[in-house]
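A short worksheet on the structure shown next.
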Amino acid sequence: MTLSDVMMVLPIAFILVWAVVLLLLDLWLPRERRGWLALLTALGLAVALGLDLAQSGRSGSAFREMVVLDNFAVFLNALYLVSGLVALALGYDYLKRMEIERGEFYAMMLFSIAGMMLLTQANHLILVFLALEFLSIPLYVLAGFARPRLESEEAALKYFLLGAFSSAFVLYGIALIFGATANASVTGVVEAVRSGNAEMGFLTAGAVMLLVGFGFKVAAVPFHEWAPDVYQGAPTPVTGFMAVATKAAGFAVLMRLFLNLFPGLAANLTPIFWGVAALTMIVGNLLALAQSNIKRLLAYSSIANAGYLLMAFVPYGNAQVASQAVSSMLFYLLAYGLTTLGAWAVVVALEQAEGRGLALEDYAGLGPKYPWLGVTMLIFMLSLTGVPLTLGFWGKFFLFRTAVAAGYVDLAIIGLLTSVISAYYYLRVVVIMYMRPGEPKVRRDGWLNLVAIGTAAAVVLLSVVPVQVLNLAAQAVLRLP
Amino acid sequence: MILGMNGLVWLIALPLVGFVVLLFIPSEAKKALRWVALLASLATFGVALGVLAQFQVGNPGLQMVVRQPWVRIGDVAIEFYLGVDGLSLLMVLLTAFLTPIAILSTWSAVEERVKGFMLFFLLLESGMLGVFLALDLVLFYVFWEFTLVPMIFLIGVWGGERRVYAAVKFFLFTMFGSVLMLLGILYLGLQTRTFAWDALLQQRAVFAAAQLWLFLAFGLAFAIKVPMFPLHTWLPDAHVEAPTAGSVILAGILLKMGAYGFLRFNLPLFPQATLQLAPWMAGLAVVGILYGAAVAYAQQDVKKLVAYSSVSHLGFVVLGTFALTAQGLAGAVLQMVNHGLSTGALFLIVGMLYERRHTRQMSAFGGIWKVMPVLGALSLVVTLSSLGLPGLNGFVGEFTILLGAFRSTALGSPWFAGVATVGVILAAVYLLTMFEKVFLGPVRHEENRTLPDLNAREVLTLVPILVLIFWIGLYPQPFLNLINPSAEQLAALVQSVAMAAH
C-alpha cells in the first residue's frame, strides 16, 4: 500500500474516518447538541465532495487493480455525496419532529455513502460484493430508523430479507464467474475471456446472476416487490436518499461490470435486458396509476424510471452506442436525481407524525396556498413526465435517442407510450394540488425550502443549457481495460 | 430590427417579459395584473405587425431567419432556428391578434386567481408563437409540448364543472400523439444528422424508405390536434369546459397548430406518403365535415354546438390541405385564419351570454335581439361569416378550398369536394337554427328582459374581429398575396414528386 494507492480512494477513506469520529463524538455530545452532528456530517460530506471533484480528470488503478479511478466514478461519487447532503437537509428538522434523532443516523449515512463510492470504484468481484454489503447494511438500519413505528420496522425487515436474497444472487454469480475463468479480478476475467480460457456457459450464468442481484438494488421488475413497502415505511429523508443514491449505485456497478466483463455476451444477454427493461417500464407505470399515497406513487415512479434507464443499457454490447448509452444514462441519473430529491423535499414538508399527510388528498390546495412549494412540485412532476423546459425532458430525449440509434425502436415505443401513462399519475398530483380546494398543512422549514427551490431552479435552468450537462456526463467515461 | 434583436425573437420574448413583470405584482392588484398582461400581448401584436411590414410579399422562402446552435450532441446540433414564410406569417398574426382580445374578454369573467391566469396566458402565447416560428424539429417539439402545460391549467383551474376531466383528457390525448412524433423526430435526426427543416427538405432521399411511417408518426400528433375524425373526442370536452378566453385560444389557435403541422412538415418532408394517403386523409376530412355538422345540429348547449362546428370547419382545412393544389393549400391557410376569427368571435359571444345568464342552453334564451340589439347585430355578422355567406370571410376560404379540391389530381375524384359542399349547407342549417333559437322570436323568459347590452369593452373585443371578417370577405387579395407564393411552392414540390412517380 503506497500513498498513491490511498490517494485514489481518498474521499472514501476520509468519509470512513469521519464516520468513526462522529460515532465517538456522539457519546460525548449532550442530547440537546445533537444538531451539531448533522452539521458536522454535512461538513464531512462537503469536504469529501471537494476531494472527489479534485480527482476529476485523473484515471488509474490502485491496490493491485482492486479499485480504479475514472471520471465515471468521480461523477457518480459526486451524485451520492450531493444526495447525502440533500438527505441531511431533509432530515434536519424531520428527525427532530418525528422524535427519531439519534447520532447513529449520521454515521450510518456516511458508511452507506462510502459503500456506494467503493462499489463504483471496485475492480474486483470480491470487493464488489463487500462494497455492496457495506452500502446495504447501514441502509437496512436506516430504513428501520423510525422504530418503533411498525411500518418502518416492516420496511427494514423486508429490505433486509430481500436484500440478503439479492446479495446471495450476486455472490453466486461471482462464484460462477470465478469458476468459469479462475479469476475474480475484473482485469483477470477480461484476460481469461480474451485468451479463450473461459467457460462461456458458466460465465453467462454468472452474468445473469449478477443482473438479478443488481436488478434488486435498482428495483427493476420482476425484482421490484420490496421497493414500494420499503419506500413507504422508511423515514422519508432515507427514502429520498435510497431512491436516488442507491439506484445510481446499482446502475454504476451494472454499467462498469457489464461493459468491462461481458461485452462478448451481449448477444445472449440483450434479450434479457430487453425484457427486463420493457417489463419495468410497463409494470412500474401501470402500478403507479393505482396509488393514492405519495410515497408509494414516487416508489413506483422510481421503478418506472429504472426501466427507462435500462432501456438505454440494452445495446451495451454495441461498441458504437455504448459510450452514448453511458453518457445518456448518467445524464438521466442526474436529471432524475435532482427532480426526485426535490419531490421528496416537498413530501417531507407535508408529512405529519404517524404517517399522516402522505395521501394524495393531503396535497389539495397546495398550489394556491403555498405558491412556492406548489410551483416546485409542479416542476418536479412535469420533469418526471418529461415535458420540455425541464431537465427530465432532455433526460428522456437522450435515452430514447440512444435506443433509436441502436435500433431498438420497439423499446422506444414502449417507453414513449408508458410515459404517456405516467403523465396521468403525475398530472393527478398537479390536479390535486391546483384544482382541488383544501387546507394543506405544511411544515415551514428553511432547509426544505432551500432544497425544493434549489433543485427546481436547477431542473428548469439547466434545461436551457442541457449540452453543458451532457458534456459533463460524456466526459465521465468508464476506464476500460 | 428592434433593439438589435430579430423581431421573431421578440415575438417569443415579449410575452415572457410580461410574465416576469407579472411575477412581481401582488395577486390582489387584479387591475394591474390585467393591464400588464394586456399591454404585453398588445406589444407582441405590435411586433407582429412590424414583422408583417418587413415581410417581402412574393418571396416564397423563409424570411427573417434567426439561427443559433443550441444543443450539440456529437455531430448533430439542435438549433434555435426561427423564420416565417407565407404559411406561418398569418398564423403568427392571428395568434398575436387573438391573444389581447382573449385577455380583454376576461376582464370581468375571471375574478379568481387572476395572477395565475394571466401568467399562464402569456406563457401560452409565447409557446404558440414558438410553434409557428420554429424551424428546428426539436425546438418545434419543445414549444409544441410546452403549450400543453398552460392550457391544462387554463382549463382545469378556471373551467366549468367537468374541467378537471376535460383538462386531463386534453393533455393525455395530445401527449399520446406527440410522443410518437418525438420518435419520428429522433429517427430523422439520426438518419440525416440534422434537425433543421430546410436541411431535412434537401435530404428527403435519405429517409424516403420510411416515409409512410414518419408520415403516420407526425400525422397522428397533428390529426389529434386538428382534430380529425375519429380523434376529435377530446375537443368538445375541452372547449365546453374551458373558460371563454381559453376556448377562443383553443379554437382560434391551438387547433391551427395541427393543421399547420401538416402543411409545414408532412407535406414537404414526406411527399410520396402524402400523395399515397391524400385520398384517405381527405376522406376522413369529409367525414369530419359531415359528422361535425350533424352532431352540432343536435346540440342544445350553444358552446357545444360551436365546438362541434369546429370539427366540421377544420375538416375543410384538412380537405384543402390534402387536395395538394396551390388553390387548396392557400384556401386552407386562409380558412385557418377565418375559422380563428369567426369561431373565436362565436366563443366570445357565448361567453358574454353566459356571463349574463350563467347558462348556455339554447332553450334559456330566445328573442335576445330585442333586449340586446348590439350583441344581436354583431352576432348575426359572426354567424353568417361562420356559415360562409358570400361577402364575408368564411365564403372566400371555403370556396377556394372546394375549388382546389374539385380540381385536385391527387384526390382523383371531384366527389370529395362534392360531398363536402353538403357541409356548407349543413353549417347554414345548424348555425341559423342556433341564431334563431337564441336571438329571434319573442322573449320567452322573464329574466332575459333586463339583460344589459354590451358595454364598451365587450364591443371593443368584437369589433376588431368584425373588421377583419369584412375585410377578408370583400377584399381577400392582400391576404392571399401573403399566402400564395409559399402555397404555390409547396404544391409544386408535392406535384413534382407525383410527376416523378409516374
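Applying the criterion of being surrounded by 23 or more Cβ atoms within 10 Å (Cβ to Cβ) and more than 7 Å from chain B (Cβ to nearest Cβ) to the residues of segment A:396-407, the residue that is farthest from the chain's Cα centre (by Cα) is A:A406. Looking at A:Y308, A:Y336, just one residue is modelled with pLDDT of 95 or more and within 20 Å of A:L378 (Cβ to Cβ), and that residue is A:Y336. All of B:V206, B:V157 fail the test of being of a type outside the set (D, E, K, R), more than 9 Å from chain A (Cβ to nearest Cβ) and part of a helix (DSSP H, G or I), apart from B:V206.
Is one or more of the residues making up segment B:479-493 of a type outside the set (A, V, I, L, M), exposed (fewer than 14 other Cβ atoms within 10 Å of the Cβ) and in contact (Cβ under 8 Å) with a residue 40 or more places away in the chain? Yes, some residue in segment B:479-493 is of a type outside the set (A, V, I, L, M), exposed (fewer than 14 other Cβ atoms within 10 Å of the Cβ) and in contact (Cβ under 8 Å) with a residue 40 or more places away in the chain.
Kindly indicate whether any position in segment A:438-451 is in contact (Cβ under 8 Å) with a residue 24 or more places away in the chain, of a type outside the set (A, V, I, L, M), within 11 Å of chain B (Cβ to nearest Cβ) and surrounded by 18 or more Cβ atoms within 10 Å (Cβ to Cβ). Scanning segment A:438-451, I find no residue that is in contact (Cβ under 8 Å) with a residue 24 or more places away in the chain, of a type outside the set (A, V, I, L, M), within 11 Å of chain B (Cβ to nearest Cβ) and surrounded by 18 or more Cβ atoms within 10 Å (Cβ to Cβ), so the answer is no. Here B:K169 meets each of (1) more than 21 Å from the chain's Cα centre (by Cα); (2) within 11 Å of another protein chain (Cβ to nearest Cβ); (3) surrounded by fewer than 23 Cβ atoms within 10 Å (Cβ to Cβ) with one exception, condition (1). Of the residues that make up segment A:352-363, is at least one crowded, with 20+ Cβ neighbours inside 10 Å, assigned to a helix (DSSP H, G or I) and among the aliphatic types (A, V, I, L, M)? The answer is no, given that none of the residues of segment A:352-363 is crowded, with 20+ Cβ neighbours inside 10 Å, assigned to a helix (DSSP H, G or I) and among the aliphatic types (A, V, I, L, M).
Name the one entry in A:V244, A:V238, A:V189, A:V221 that is of a type outside the set (D, E, K, R), crowded, with 24+ Cβ neighbours inside 10 Å and in a loop (DSSP other than H, G, I, E, B).
The conditions single out A:V221.
Can you say whether A:S83 is in contact (Cβ under 8 Å) with a residue 12 or more places away in the chain and assigned to a strand (DSSP E or B), as far as the supplied structure shows? Spelling it out, it is not the case that A:S83 is in contact (Cβ under 8 Å) with a residue 12 or more places away in the chain and assigned to a strand (DSSP E or B). Restricting segment A:421-434 to residues that are facing chain B (nearest Cβ under 10 Å) and closer than 14 Å to B:V149 by Cα leaves a set whose member that is surrounded by the fewest Cβ atoms within 10 Å (Cβ to Cβ) is A:Y424. Scanning segment A:166-173 turns up no residue that is buried (at least 19 other Cβ atoms within 10 Å of the Cβ) and touching a residue at least 60 places away in the same chain (Cβ under 8 Å).
Quick grid of which residues meet (1) part of a helix (DSSP H, G or I); (2) of a type in the set (K, R); (3) in contact (Cβ under 8 Å) with a residue 40 or more places away in the chain; (4) within 14 Å of chain B (Cβ to nearest Cβ):
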position: A:A266; (1), (2), (3), (4): yes, no, yes, no
position: A:F273; (1), (2), (3), (4): yes, no, yes, no
position: A:R296; (1), (2), (3), (4): yes, yes, yes, no
position: A:S301; (1), (2), (3), (4): yes, no, yes, no
position: A:A304; (1), (2), (3), (4): yes, no, yes, no
position: A:L310; (1), (2), (3), (4): yes, no, yes, no
position: A:S328; (1), (2), (3), (4): yes, no, yes, yes
position: A:G342; (1), (2), (3), (4): yes, no, yes, no
position: A:A345; (1), (2), (3), (4): yes, no, yes, no
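Each row is one residue, and each column tells you yes or no for (1) within 14 Å of chain A (Cβ to nearest Cβ); (2) in contact (Cβ under 8 Å) with a residue 12 or more places away in the chain; (3) touching a Phe, Trp or Tyr at 6+ places or on another chain (Cβ under 7 Å); (4) buried (at least 24 other Cβ atoms within 10 Å of the Cβ).
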position	(1), (2), (3), (4)
B:G130	yes, yes, yes, no
B:L137	yes, yes, yes, yes
B:T174	yes, yes, no, yes
B:L201	no, yes, no, no
B:A223	no, yes, no, yes
B:M228	no, yes, no, yes
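Scanning segment A:408-420 for residues that are of a type in the set (S, T, Y) and more than 10 Å from chain B (Cβ to nearest Cβ) yields one hit, A:Y408. Per the conditions (1) away from chain A (no Cβ under 14 Å); (2) crowded, with 19+ Cβ neighbours inside 10 Å; (3) among the charged types (D, E, K, R); (4) farther than 15 Å from B:F479 by Cα, the sole criterion not satisfied by B:D85 is (4).
The values are calculated or read from the model by the stated rules, or taken from the named source; none is laboratory data. None of these values were measured; they are calculated from a predicted model. Reconstructed Cβ throughout: ideal geometry from the backbone, glycine too, with neighbour counts over all protein chains shown.
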